[in-house]
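Asks: The structure's right below; bear with me while I get my questions together.
The values are calculated or read from the model by the stated rules, or taken from the named source; none is laboratory data. As the structure is a computational prediction, the values presented were derived from the model and not from experiment. Please note: Cβ atoms are built from the backbone with ideal geometry, for glycine as well, and neighbour counts cover all protein chains shown.
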Protein chains: 2
Amino acid sequence: MKIIVLKFGGTSVGSIQRISKVANIIKSYSKKYKVIVLASAMSGTTNKLINMSQKISKNFPDHEYDTLVSAGEQISCSLLSGQLLTKGLKSRSLMAWQIPILTEGKHKYSRIKYINKTKILKFLNSGTIPIIAGFQGVNKNFNITTIGRGGSDSSAIMFAKFFKAERCVIYTDVEGVYTTDPNKLNSANKIKNISYEEMLEMASLGSKVMQPHSIQDARLNRIDVEVKSSFVKKPGTLITKRKNIINNKIITGISSTDNDAKVTLLGVKDRPGIAASIFKPLSQNSINVDMVVQNISSDGNETDLTFTIKSYDLTKTKKIIKNNKNIIFKKMIFDKNVSKVSIIGVGMVTTPGVTFRMFQALANKNINIQVISTSEIKISVLIKRANVIKAIKSLHKEFNLEK
Amino acid sequence: MKIIVLKFGGTSVGSIQRISKVANIIKSYSKKYKVIVLASAMSGTTNKLINMSQKISKNFPDHEYDTLVSAGEQISCSLLSGQLLTKGLKSRSLMAWQIPILTEGKHKYSRIKYINKTKILKFLNSGTIPIIAGFQGVNKNFNITTIGRGGSDSSAIMFAKFFKAERCVIYTDVEGVYTTDPNKLNSANKIKNISYEEMLEMASLGSKVMQPHSIQDARLNRIDVEVKSSFVKKPGTLITKRKNIINNKIITGISSTDNDAKVTLLGVKDRPGIAASIFKPLSQNSINVDMVVQNISSDGNETDLTFTIKSYDLTKTKKIIKNNKNIIFKKMIFDKNVSKVSIIGVGMVTTPGVTFRMFQALANKNINIQVISTSEIKISVLIKRANVIKAIKSLHKEFNLEK
């Protein structure tokens, strides 16, 4: 029998009733596969634990934070394993240290380096289903660590890698990845297959199904990942290698953001390296600059510079720009009521005229494009936030993503 | 510096505010001692976890139960260690597997067999306070276990044993051990020193300060145990070797029970071994028979037998007696409105007339004694429950336990 990795998120194990349903899902797989289960903490638990630590100190020590929050997975995994045993299956909960799952890097932001397979293989070969605590590991000093980036999804993908699993199934509270946010457009369709690259763009551009780091892990290790709902029995979305996808659509999906802000510096005194002078201190303060446009002014001495940041970084950004002794400019203006809308699809590489069709569709709806940025498989435009729904609707239709 | 073991119970770490106060207590000891801390789960946590497991199954598997409930200590210990670090002390939370604390015996009812001292000694020598999860251990297969009998108190006493600590201080929500239950008698006094043996009698007879198993562990290992409150700064009660106690009181304390039931079998056909025939099936069903009185009837063929059990065992007991084919009797009567009142004191060994004084004091108050049982250091009587307060009051006065 082949190995499959199943991962259940916080809402999927969020109550005793939900844990019972999850046990049934596991049971159905166990007839065809050797099943490895990764589980998150019950929804709400991790936040509750973090809140307690915050009451002690806003700077609660990282290594104790890791020990604290990893108690959440200990609870959900032992309950789930107990539930499977009660349903007559052989099962065992395993914390990271019992395997062990070895991590490297700092507390709170560790990365899985190595998974010892011995114990789990023994369980699998004796028909016992291991229920493994996601999100946690141990470092070489046998201190408890957590893997911030991607959390339990990352754990699941690393298990799929180490055990050469046929597939990693991420059970969550959504049915899969959609052509666009179903909350914004009723006619959004579930995507059957999507490439890692497209999914990465969808994820980092605002789709909340999986964290970019986990998708990147899956891509690097060529692991097929299926995202589906533990609440309804329906096929989900398969995230896979580009060559596995047979798709006659140019565009796979449309994403949009809700928390961008646009900053414009007018009359910036131009000189070589001026952009670096502006952006370096922002980067040093962990402010992520996304889209950038620079206009050369007619006399060649002054330029206007526009860029976007996350709106929660705006106050900090304004302060840094004002205190920046290395730049001279006439005026700073900003706009918090902007959104980035992107069309994503590997198909656009081989299809000419996609950019034109996008701009035309928006123009037809009188939507003004403020900033443009492109990559091989996506085109993003910055527009007024008020126009987002209208824009998504027209693009969804233009690129035949309707049902 | 000498080593001291401090144990904090569930109410002592029951909230973030409480954890902060406990950190202050630890800090004050750390100036004079190398401190080892054992902590219970925050009050309510363990019960909440058990309730969840019960919703899955009334027979939730024991090994998953151990993993589940031990998450409680993981939470309290990491929070407490984080709090100490925030207050500028060096500290580290340690789960049983990180030490390790090796246990033997069944899940849920394991016993601590061995504590590896290496890691903790390293911490102590570098001025780091280890905050150790009570109640838990690991077995030789590195599965998480819990020690049912005595819980975190037992953990603390075993640490005091292995590290040859000067003292084990049990911080709890009472101020110490009293001459009698302060809820029943206002004039009850805190006992300054009490021997293990007296404390064992006090505990098993109804004083709820410490579990008998932990006291027994302390007695076997000759460890001085101080019981005190983490809520008020007052001296507690020292439980110690008998020879350490200078006491001019005959009686150290008075205890009483609230959940006894009396069963009487009238006209039991007498033959050798009849008592065993009655009590063996009770014992096989884990029913604890406490006081026993047998009257030889005048003709020598029949006898009346009276014994006490816990009142929650009454229904089961009646059923077992009725189905017992090995005994013949005329009538079974029972009384749930009885209580056992005991006077305890090592002083009575050397003092004649204690029994008489007890009986006389009760007779003076018109309290009828139904059953009597004695040991070297205690005398117990079974009386009507309605008379308990009156009895305690008169005995408290008779044996000079008043303030």
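Asks: When you check A:Ile25 against the structure, is it surrounded by 18 or more Cβ atoms within 10 Å (Cβ to Cβ) and either modelled with pLDDT of 95 or more or among the small types (Gly, Ala, Ser) (or both), yes or no?
Replies: yes
Asks: Give segment B:217-229 a look and list any residue that's at negative phi and not in a helix (DSSP H, G or I), or say none.
Replies: B:Asn221, B:Ile223, B:Asp224, B:Val225, B:Glu226, B:Val227, B:Lys228, B:Ser229
Asks: Restricting to segment A:12-22, name every residue that is surrounded by fewer than 22 Cβ atoms within 10 Å (Cβ to Cβ) and in a helix (DSSP H, G or I).
Replies: Those that are surrounded by fewer than 22 Cβ atoms within 10 Å (Cβ to Cβ) and in a helix (DSSP H, G or I): A:Ile16, A:Gln17, A:Arg18, A:Ser20, A:Lys21.
Asks: Are there strands (runs of 3 or more DSSP E) fully within segment B:37-123 with at least 1 residues that are closer than 30 Å to A:Lys90 by Cβ? List them.
Replies: It comes to B:101-104, B:111-115.
Asks: Counting only residues that are of a type in the set (A, V, I, L, M) and touching a helix residue (DSSP H, G or I) at 6+ places or on another chain (Cβ under 6 Å), which one in segment A:177-205 is nearest to A:Val225 (Cα to Cα)?
Replies: A:Met199
Asks: Going through segment A:56-78 one residue at a time, which ones are at the interface with chain B (Cβ under 7 Å from one of its Cβ atoms), over 19 Å from A:Ile120 (Cα atoms) and not β-branched (Val, Ile, Thr)?
Replies: If the condition is that a residue be at the interface with chain B (Cβ under 7 Å from one of its Cβ atoms), over 19 Å from A:Ile120 (Cα atoms) and not β-branched (Val, Ile, Thr), then A:Ser57, A:Phe60, A:Pro61, A:Glu64, A:Leu68, A:Ala71 are the ones that fit.
Asks: Please verify whether B:Ser214 is out of contact with any strand residue (DSSP E or B) (no Cβ under 6 Å at 6 or more places or on another chain), of a type in the set (Ser, Thr, Tyr) and part of a helix (DSSP H, G or I), treating the condition exactly as stated.
Replies: yes
Asks: Could you go through segment A:81-90 and let me know if any residue there is crowded, with 18+ Cβ neighbours inside 10 Å, more than 8 Å from chain B (Cβ to nearest Cβ) and among the small types (Gly, Ala, Ser).
Replies: No, that holds for no residue.
Asks: Here's something else I'd like to know. Return yes or no: is B:Ser126 in contact with a Lys or Arg (Cβ under 9 Å, 6 or more places away or on another chain), within 22 Å of B:Glu226 (Cα to Cα), more than 11 Å from every other protein chain (Cβ to nearest Cβ) and not β-branched (Val, Ile, Thr)?
Replies: When the stated conditions are applied, B:Ser126 does not pass them.
Asks: Among the residues of segment A:28-55 satisfying the criterion of being free of Cβ contacts under 8 Å to residues at least 12 places away in the same chain and more than 14 Å from every other protein chain (Cβ to nearest Cβ), which is surrounded by the fewest Cβ atoms within 10 Å (Cβ to Cβ)?
Replies: Within segment A:28-55, the match that is surrounded by the fewest Cβ atoms within 10 Å (Cβ to Cβ) is A:Lys31.
Asks: With the requirement that a residue be of a type outside the set (Asp, Glu), surrounded by 15 or more Cβ atoms within 10 Å (Cβ to Cβ) and either free of Cβ contacts under 8 Å to residues at least 24 places away in the same chain or not in a strand (DSSP E or B) (or both), what does segment B:278-293 give you?
Replies: B:Ile278, B:Phe279, B:Pro281, B:Leu282, B:Ile287, B:Val289, B:Met291
Asks: Let me ask something else. Restricting attention to segment A:344-361, and to residues there that are without any contact (Cβ under 8 Å) to a residue 40 or more places away in the chain and outside any helix (DSSP H, G or I), which single residue is nearest to A:His396 (Cα to Cα)?
Replies: A:Gly353
Asks: Of the conditions (1) under 17 Å from B:Ala160 (Cβ atoms); (2) of a type in the set (A, V, I, L, M, F, W, C); (3) part of a loop (DSSP other than H, G, I, E, B), B:Phe142 fails just one. Which one is it?
Replies: (1)
Asks: On to the next question. When you go through (1) assigned to a helix (DSSP H, G or I); (2) in contact (Cβ under 8 Å) with a residue 24 or more places away in the chain one by one for A:Leu265, which number turns out not to apply?
Replies: The failed condition is (1).
Asks: Identify the single condition in (1) over 22 Å from B:Tyr178 (Cα atoms); (2) part of a strand (DSSP E or B) that B:Thr315 does not satisfy, given that it satisfies every other one.
Replies: Every condition holds for B:Thr315 apart from (2).
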